[in-house]
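Visitor: Let me begin by handing over the structure; questions about it come next.
The values are calculated or read from the model by the stated rules, or taken from the named source; none is laboratory data. These figures come from a predicted structure and were not determined experimentally. All Cβ positions, glycine included, derive from the backbone under ideal geometry; neighbour counts span all protein chains shown. Ligands, DNA and RNA are excluded from the accessible area calculation, which covers all protein heavy atoms including side chains. Shrake-Rupley method; radii C 1.70, N 1.55, O 1.52, S 1.80 Å.
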Amino acid sequence: MIKKKVCMVGEFSVGKTSLTQKFVNNVFSETYLTTIGVKIDTVQIEDTKLVIWDIAGRDSLSPINASYLVGAAGVVLVADGTRLQTVESISEIWSTVREKIGEVPCVVALNKADLEDWCVDNTTIESLRDRGWDVFETSAKDGVMVESLFHKIVEKTKE
Amino acid sequence: MRVCESSSNIKDYGFPELQPGQVIDDAIDFMIGMDVNTKLDLPFVASPNGMSISVSLVPCGDNLTVLISDVSDTTEQRRKLQQAANENELLVERQKKLMAELERASRKLEQKNRQLEEASRLQTSFLSGVSHEFRTPLTSIIGYTNLVLNNLQKTGDEQKGLADCNNDYLSAVQRSSKHLMSLVENLLDHGKLDSDEIVLKPKPNSLKQLIDDVELVLRPLSETKGIEFNVIPPYNETATVMVDDSRLRQCLINLIGNAIKFTDQGSVTVDFNYANDTLQVSILDTGIGISEEDMNKIRLPFYQASGTGKIGTGLGLTITERIINMMGGALDIFSELGEGTLVKFNVHASDLGSLDLDSATRELIKTKSLDILLAEDDPFIADLMILMLKDWNIDVTHVVNGALAVEAVQSHNFDLIIMDIHMPVMSGYEAVLELNRIGSTIPVIVMSASAVEADQKRAAELGCSAYLTKPVDVQEIIETADILLSQ
Ligand SMILES: Nc1nc2c(ncn2[C@@H]2O[C@H](COP(=O)(O)OP(=O)(O)OP(=O)(O)O)[C@@H](O)[C@H]2O)c(=O)[nH]1
Ligand SMILES: [Mg+2]
C-alpha cells in the first residue's frame, strides 16, 4: 500500500486541527484547544494510507518546528479567512517548508468560510492561484470543501 | 527499513509490539517518509494512546536508532502557557479589528455629517436663491400693474397715448408672469425628479414655430445684456416633428438662458440641425466658462457655480439633462474657465413631413359653432375663458359648481363640458360621477391647477376625455375640443 505523509501548516488557531478532525473523524468543536507539538492521524483514501501530521501553529512564542516536516510528501497551507494576517503569512510559512523539504506538492485552505467577517477578496485568492496552488475556501464547521481539500493533496502527491 | 530489535516498553505508549524483520512504517506511523540517515528530534509527539512523547532518530552505521521518552509533564506546562498566549493574542487581534471597525464607522459618520451639512447649506442657499428669483418678476408685476391702474384713473386729455403705454406695461407683466410660471414649473419638476413623475407627451409640432418661439422669448434677454444672439435654423425647418414641445422648449430656454446669463460680452450662437429623426442643438457662448471644479458639480441639483454672482434655482441643468435623456438624447458640455462654453444635445423627434397644423385646426373649428358648458368657481378665470372662447365662435354657458353643471346638462344639449376639479358644493369629480350615472355622453375636459399625474389618472378612470392644467391656453382647449369632436 502507498503511504503518504502530509503536514498541516499555518498560523495558530486557523483550524488545522479542526479540518483534520472533520476529515478523519467527522467531528467539530467550537472550543479552541491549541495543539502542542504534533498529532498524527491516519486515514485510508482508496489505495493510499494518508498520514496527516497536525502540527502546532506558528505563534508569538514559537516558529514552526521544521523537524516535523521531514519526510512529508505534501503540505496543506491553512489560513483563517477572517484573519487577514494569517493569509498574508502563508508566503513566509511556505518558505520555511521549501527550505526544509523543497517544492513539495501543496494546497491552500482558506478556512472558516462559514463566518460573517470573511475578509479575503478575489484578488488575493487569484494571487495565491497564480503561484500554482489549488485554493479551497473551507469550513471545518460545516464540512464545506474539506473532502476536496484532502483528496486534492493526495492526488497531487501521487503525480 | 526493517526492525532489528525493539524494547518492550513501546507498548506503554500505545505502539504495537514490533517483530524483528518487520517493515517499520507499516507499524509506526511517524516513521513514514524517514530513512536510515535521518537525524531528527521530534519533541512533543502525541502517541497512539494520547501520551506526549519525544522522539529522536539517531543514525549509527547502517542502522537508525529511535529513542522515545515520556514528556507528559513538560507538555502540560507548555500547553497551559501556549493556550494562554494564543488566546491572549486572539483577543488582541479581535480588539484591533474592533478598533479599526469603530474608526471606519466614525469616519463614515463624519463623512455623512459633512454631506448633510453641505446639503443643508445648498438647500438654504437654494431657498434664498429661489426667493430672490421670485421677487424679481413679482416686483415687476406689481410695479407695472400699478402703473396701468394709475393710467386707467386718468381722464380726458391725460388719457391720450396711454393705450400704447399700457400695452407695453401689460407685455412686461405678461413676460414676468411667464417667467414666474417657468420658475414654479422648474420647482415642481424638481420634486418629480426623484419620483419618476415626469411624463412626456409628444405631439406634432412645427419645427420652425418651436425655434421662433424660443428665439422670441430669449432675444429680449440678450438685448438687455447687449450681446449678440444668433439663431441658425436647420435647412429643413418646415418639417413637422413629433415631440413634447413644452418640455423641449423648457430645455432650450434653460440652456440658452444660461448661456446668455453667463455671457457679459460677445455672443451666444444657437445652431439647430435636424436629420434622421434627430434634432441636434449646439449652443456656443463667449461667456465666463466653467472651471474644472465646477464642471464636476454642475449637474448636481441646487449647485450654483461659485463666485459668478449669478443666481438661479440651480435646478435647470439637472432637470434639463433628465428630460433630454427621457427624449432619447444626451447632453454634453465643453468648457474652460474664461474660454466660453459649448453645450450640445440631441433629442429624438420623428419626422412627420410638412403638415400645416395651425390653419388646419383653425378652419375646422371656425366652420361650426360650438355650445360649451363651463363649470368653474373662480370668476376671473371663468370670465377670461368666456372672453377667449367667444373669439372662436363658441357659446359658453357658465356655472359655478358641479351640482349646477349636472342640472344644466339635464336641461340643455351641450357639445362639450369643461370642468374645474376644485369647486364648492360639488367637486368636478363628483359631478363627472353623477353625469356618468345619469348616462350623459358629452365629452368632459377636466381642468385643474395640479399637474400631478395621480389626478390625471383619476380623471382617466372616471372616463373624462381630456385633462388640462391651469393656466389653460385657449389654443389648447380648441385643439383638444377639435380632436374630441371629430372622433
Ligand atoms: N466557525 C468556524 N470556526 C472554526 C472553523 N475551523 C476552526 N474553527 C475554530 O477555530 C478555533 C481554532 O481551531 P483549531 O482547529 O484548534 O486551530 P489550529 O489551527 O489547530 O490551532 P493551533 O493548533 O493552535 O495551531 C477553534 O475554536 C475552532 O472551533 C470553521 O471552519 N468555522
Ligand atoms: Mg491544532
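Visitor: Please indicate, with yes or no, whether at least one residue in segment B:347-366 is within 21 Å of B:ILE438 (Cβ to Cβ), out of contact with any Phe, Trp or Tyr (no Cβ under 7 Å at 6 or more places or on another chain), open to solvent by less than 60 Å² (accessible area, probe 1.4 Å) and at pLDDT 75 or above.
Guide: no
Visitor: Also: Check every one of the strands (runs of 3 or more DSSP E) wholly within segment B:1-114 and list those with 2 or more residues that are surrounded by 15 or more Cβ atoms within 10 Å (Cβ to Cβ) and in contact with a Ser or Thr (Cβ under 6 Å, 6 or more places away or on another chain).
Guide: B:40-46, B:52-60
Visitor: Going by what's in this entry, would A:GLY71 be described as in contact with a Phe, Trp or Tyr (Cβ under 6 Å, 6 or more places away or on another chain) and either at the interface with chain B (Cβ under 8 Å from one of its Cβ atoms) or on the phi > 0 side of the Ramachandran plot (or both)?
Guide: So A:GLY71 does not fit the description; no.
Visitor: Among the residues in segment A:52-60, are any under 21 Å from B:THR74 (Cα atoms), more than 12 Å from the chain's Cα centre (by Cα) and within 13 Å of ligand 2 (Cβ to nearest atom)?
Guide: yes
Visitor: For residues in segment B:21-35 being touching a Leu at 6+ places or on another chain (Cβ under 8 Å) and facing chain A (nearest Cβ under 7 Å), which is farthest from A:ILE55 (Cα to Cα)?
Guide: So, considering only residues that are touching a Leu at 6+ places or on another chain (Cβ under 8 Å) and facing chain A (nearest Cβ under 7 Å), the one farthest from A:ILE55 (Cα to Cα) is B:MET34.
Visitor: Additional query: How about segment A:33-64: which of its residues are open to solvent by 30 Å² or more (accessible area, probe 1.4 Å), assigned to a loop (DSSP other than H, G, I, E, B), out of contact with any Leu (no Cβ under 8 Å at 6 or more places or on another chain) and within 11 Å of chain B (Cβ to nearest Cβ)?
Guide: A:LEU33, A:SER60 - these are the residues of segment A:33-64 that are open to solvent by 30 Å² or more (accessible area, probe 1.4 Å), assigned to a loop (DSSP other than H, G, I, E, B), out of contact with any Leu (no Cβ under 8 Å at 6 or more places or on another chain) and within 11 Å of chain B (Cβ to nearest Cβ).
Visitor: Given A:VAL14, A:VAL27, A:VAL70, A:VAL75, which one is modelled with pLDDT of 95 or more, open to solvent by less than 10 Å² (accessible area, probe 1.4 Å) and more than 8 Å from ligand 1 (Cβ to nearest atom)?
Guide: Unique residue meeting the criteria: A:VAL75.
Visitor: Based on what the data block shows, is A:LEU77 touching a Lys or Arg at 6+ places or on another chain (Cβ under 8 Å) and more than 9 Å from chain B (Cβ to nearest Cβ)?
Guide: In short, no.
Visitor: Given the criterion in contact with a strand residue (DSSP E or B) (Cβ under 9 Å, 6 or more places away or on another chain), of a type in the set (Ser, Thr, Tyr) and either modelled with pLDDT under 95 or more than 10 Å from ligand 1 (Cβ to nearest atom) (or both), identify the matching residue among A:THR96, A:THR123.
Guide: Going through A:THR96, A:THR123 in turn, just one is in contact with a strand residue (DSSP E or B) (Cβ under 9 Å, 6 or more places away or on another chain), of a type in the set (Ser, Thr, Tyr) and either modelled with pLDDT under 95 or more than 10 Å from ligand 1 (Cβ to nearest atom) (or both): A:THR96.
Visitor: Filter segment A:10-21 down to residues that are in a helix (DSSP H, G or I) and closer than 16 Å to A:GLY81 by Cβ and give me whichever is farthest from ligand 2 (Cβ to nearest atom).
Guide: Applying the filter and picking the extreme gives A:LEU19.
Visitor: Something else about it: Kindly evaluate A:LEU69 against the criterion of being under 23 Å from B:PRO48 (Cβ atoms), near ligand 2 (Cβ under 9 Å from one of its atoms) and of a type in the set (A, V, I, L, M, F, W, C).
Guide: No.
Visitor: Of everything in segment A:140-151 that's over 12 Å from the mean Cα position of the chain (by Cα) and of a type outside the set (Val, Ile, Thr), which residue is nearest to A:PRO105 (Cα to Cα)?
Guide: Within segment A:140-151, the subset over 12 Å from the mean Cα position of the chain (by Cα) is A:141-145, A:147-148, A:151.
Subsequent filtering for residues that are of a type outside the set (Val, Ile, Thr) retains A:141-143, A:145, A:147-148, A:151.
Values: A:LYS141: 26, A:ASP142: 26, A:GLY143: 23, A:MET145: 18, A:GLU147: 17, A:SER148: 15, A:HIS151: 13 Å.
Selected residue: A:HIS151.
Visitor: Also, quick follow-up: Among the numbered criteria (1) closer than 22 Å to A:THR42 by Cα; (2) within 60 Å of the chain's Cα centre (by Cα); (3) among the β-branched types (Val, Ile, Thr), which one does B:ILE24 miss?
Guide: Single failed check for B:ILE24: (2).
Visitor: Then there's this: Identify, please: which residue in segment B:204-225 is open to solvent by less than 80 Å² (accessible area, probe 1.4 Å) and of a type in the set (Lys, Arg) and is, among those, farthest from the chain's Cα centre (by Cα)?
Guide: Among those residues, the one meeting the criterion is B:LYS225.
Visitor: Which one of these does B:LEU284 not meet: (1) buried (at least 17 other Cβ atoms within 10 Å of the Cβ); (2) closer than 19 Å to B:LEU187 by Cβ?
Guide: It is condition (2) that B:LEU284 fails.
Visitor: Say whether the condition of being open to solvent by less than 50 Å² (accessible area, probe 1.4 Å), over 15 Å from the mean Cα position of the chain (by Cα) and within 16 Å of ligand 2 (Cβ to nearest atom) is met by at least one residue in segment A:92-101.
Guide: No - not one qualifying residue is present in segment A:92-101.
Visitor: Scan (1) touching a Phe, Trp or Tyr at 6+ places or on another chain (Cβ under 8 Å); (2) crowded, with 23+ Cβ neighbours inside 10 Å for the single condition A:THR82 breaks and write down its number.
Guide: The number of the failed condition is (2).
Visitor: Separate question: Is one or more of the residues making up segment B:125-138 in contact (Cβ under 8 Å) with a residue 40 or more places away in the chain and more than 30 Å from B:ASP473 (Cα to Cα)?
Guide: Yes, segment B:125-138 contains at least one residue that is in contact (Cβ under 8 Å) with a residue 40 or more places away in the chain and more than 30 Å from B:ASP473 (Cα to Cα).
Visitor: Ok, one more. Name the residue that is nearest to A:VAL70 (Cα to Cα), counting only residues in segment B:36-90 that are more than 8 Å from chain A (Cβ to nearest Cβ) and among the acidic types (Asp, Glu). Spell out the reasoning first.
Guide: From segment B:36-90, those more than 8 Å from chain A (Cβ to nearest Cβ) are B:36-37, B:39, B:47-51, B:53-74, B:76-77, B:80, B:84, B:88; that's our starting set.
Still in the running and among the acidic types (Asp, Glu): B:62, B:70, B:73, B:76.
Numbers: B:ASP62: 20, B:ASP70: 22, B:ASP73: 26, B:GLU76: 25 Å.
Applying the filter and picking the extreme gives B:ASP62.
Visitor: When segment B:246-259 is examined, which residues are found to be closer than 13 Å to B:ARG219 by Cβ and surrounded by fewer than 23 Cβ atoms within 10 Å (Cβ to Cβ)?
Guide: If the condition is that a residue be closer than 13 Å to B:ARG219 by Cβ and surrounded by fewer than 23 Cβ atoms within 10 Å (Cβ to Cβ), then B:ILE253, B:GLY257 are the ones that fit.
Visitor: Okay, next question. Can you give me the ranges of the helices (runs of 4 or more DSSP H) entirely in segment B:382-487 with at least 3 residues that are open to solvent by less than 20 Å² (accessible area, probe 1.4 Å)?
Guide: B:402-411, B:428-437, B:474-486
Visitor: Still on this model: State which residue pairs qualify: first residue closer than 9 Å to B:ILE256 by Cβ and inside segment B:212-232, second residue surrounded by 14 or more Cβ atoms within 10 Å (Cβ to Cβ) and among the basic types (Lys, Arg) in any location, beta carbons under 7 Å apart, and separation of 6 or more residues or different chains.
Guide: As it stands, the answer is B:VAL214/B:ARG249, since those pairs meet every condition given.
Visitor: When segment B:322-336 is examined, which residues are found to be touching a residue at least 60 places away in the same chain (Cβ under 8 Å) and more than 24 Å from B:GLU292 (Cβ to Cβ)?
Guide: Result: B:ILE323, B:MET326, B:MET327.
Visitor: How do the helices (runs of 4 or more DSSP H) wholly within segment A:65-159 filter down when requiring 3 or more residues that are free of Cβ contacts under 8 Å to residues at least 24 places away in the same chain: which remain?
Guide: So the answer is A:90-101, A:122-129.
Visitor: Can you name the number of the only condition in (1) more than 7 Å from ligand 1 (Cβ to nearest atom); (2) open to solvent by less than 50 Å² (accessible area, probe 1.4 Å); (3) aliphatic (A, V, I, L, M) that A:ILE2 fails?
Guide: (2)
Visitor: Could you please tell me which pairs satisfy a Cβ distance under 6 Å, a separation of 6+ or placement on different chains, a first residue in segment B:199-210 that is closer than 10 Å to B:ALA349 by Cα, and a second residue that is part of a strand (DSSP E or B) and among the basic types (Lys, Arg)?
Guide: Pairs that qualify, where the first residue is closer than 10 Å to B:ALA349 by Cα and the partner is part of a strand (DSSP E or B) and among the basic types (Lys, Arg): there are none.
Visitor: Go through (1) within 30 Å of B:ALA119 (Cα to Cα); (2) at pLDDT 80 or above one by one and return the number of the condition B:GLY309 breaks.
Guide: Tallying (1) within 30 Å of B:ALA119 (Cα to Cα); (2) at pLDDT 80 or above, B:GLY309 fails exactly one: (2).
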